[in-house]
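See below for the structure under consideration.
Please treat every number below as a calculation from the coordinates, not as lab data. Not measured: the values here are computed from a predicted model. Note: ideal-geometry Cβ built from the backbone for every residue, glycine included; neighbour counts use all protein chains shown.
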């Protein structure tokens, strides 16, 4: 007999099963019973952790945001030049999206949550992205980055990676290391005050 799952294990199993079903069927394409079967728990167990489907989806989205933040900021060094800091974050974000296809496939669906929830969760995301806010602020102060708000800068620079990663995963486009270098340069140019120059150091960093 396998050992009983702990509370944390059951919660994680429910989240993982939700992601898998969301990626394949969308928000309304599966039942709580199907979710319980996929997670390997009793149907009633789900309601021990979540009041209803809406609460489950909100908390799942919060965890996804936290996972994105943790991955994006891995190895961050604020002492590096701004573009190198930016490049590291972009590479981290890209590889996280590629390594976690269920999250990437499902993420766009969360954009259809009610506006008040989206605003709250965007605020939560910014709370964890202080190093990125610092990068943007330093860039504006030193006139390396355009004088735009943080929300506009992240929309121009980081958010397109989620769409491009999904297109790569479904074989609509193909992004190799050279293409990723060019994409990062293009996204930097979208927010930078002057165009970037490609170099071998930039290309090598994408292969790490």
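How far, in degrees from 0 to 90, does helix 7-25 lean away from the longest principal axis of the Cα atoms of the chain, to the nearest 10?
70
What nm value, rounded to one decimal, do you get for the distance between residue 142 and residue 155 when each label is placed 7 Å out toward the C-beta?
Taking the simple label geometry, residue 142 and residue 155 are separated by 2.7 nm.
Taking only Cα atoms, what is the 0 to 90° angle, nearest 10, from helix 82-99's long axis to the longest principal axis of the chain?
30
Please give the per residue volume of the convex hull enclosing the alpha carbon atoms of the range 1-50, rounded to a whole number of Å³.
On the way: hull volume 3.7 nm³, N = 50.
In the range 1-50, the Cα hull volume divided by residue count equals 74 Å³.
Which value in deg cm²/dmol, rounded to the nearest 500, describes the helix-derived mean residue ellipticity at 222 nm for the chain, given -39,500 (n - 2.57) per DSSP H run of n ≥ 4 and division by the residue count? Walk me through the intermediate numbers first.
On the way: 12 runs with 144 residues, N = 208.
Counting only the DSSP helices, I get -21500 deg cm²/dmol.
Read through the labelled values [x] 13.5; [y] 10.4; [z] 15.7 and report the label of the one computed as mean projected area of the Cα convex hull in nm² from the structure.
[x]
Say R0 is 45 Å: what FRET efficiency, to the nearest 0.05, do residue 171 and residue 33 get from their beta-carbon distance?
Values: r = 33 Å, r/R0 = 0.73.
Result of the calculation: an efficiency of 0.85.
Sorting 184, 145 on the 10 Å Cβ count, fewest up front, what's the list? Walk me through the numbers before you get to the answer.
On the way: 184 26, 145 22.
Arranged by neighbour count, lowest to highest, 184, 145 become 145, 184.
Sorting check: for 46-53, 92-99, which peptide has the highest mean count of neighbouring beta carbons within 10 Å, and how do the rest follow?
So the order, starting with the most tightly packed, is 92-99, 46-53.
At 7 Å along Cα-to-Cβ for each site, give me the label-to-label distance between residue 63 and residue 76 in nm.
With each label point 7 Å from Cα toward Cβ, the separation is 2.3 nm.
For residue 48 and residue 116, what is the calculated FRET efficiency with R₀ set at 22 Å and r taken between the beta-carbons, to the nearest 0.05? Before the final figure, lay out the partial values.
Details: r = 26 Å, r/R0 = 1.20.
Using R0 = 22 Å, I get an efficiency of 0.25.
With axes computed from alpha carbons, what is the tilt in degrees of helix 53-72 against the longest principal axis of the chain, rounded to the nearest 10 within 0 to 90?
Helix 53-72 sits at roughly 30 degrees to that axis.
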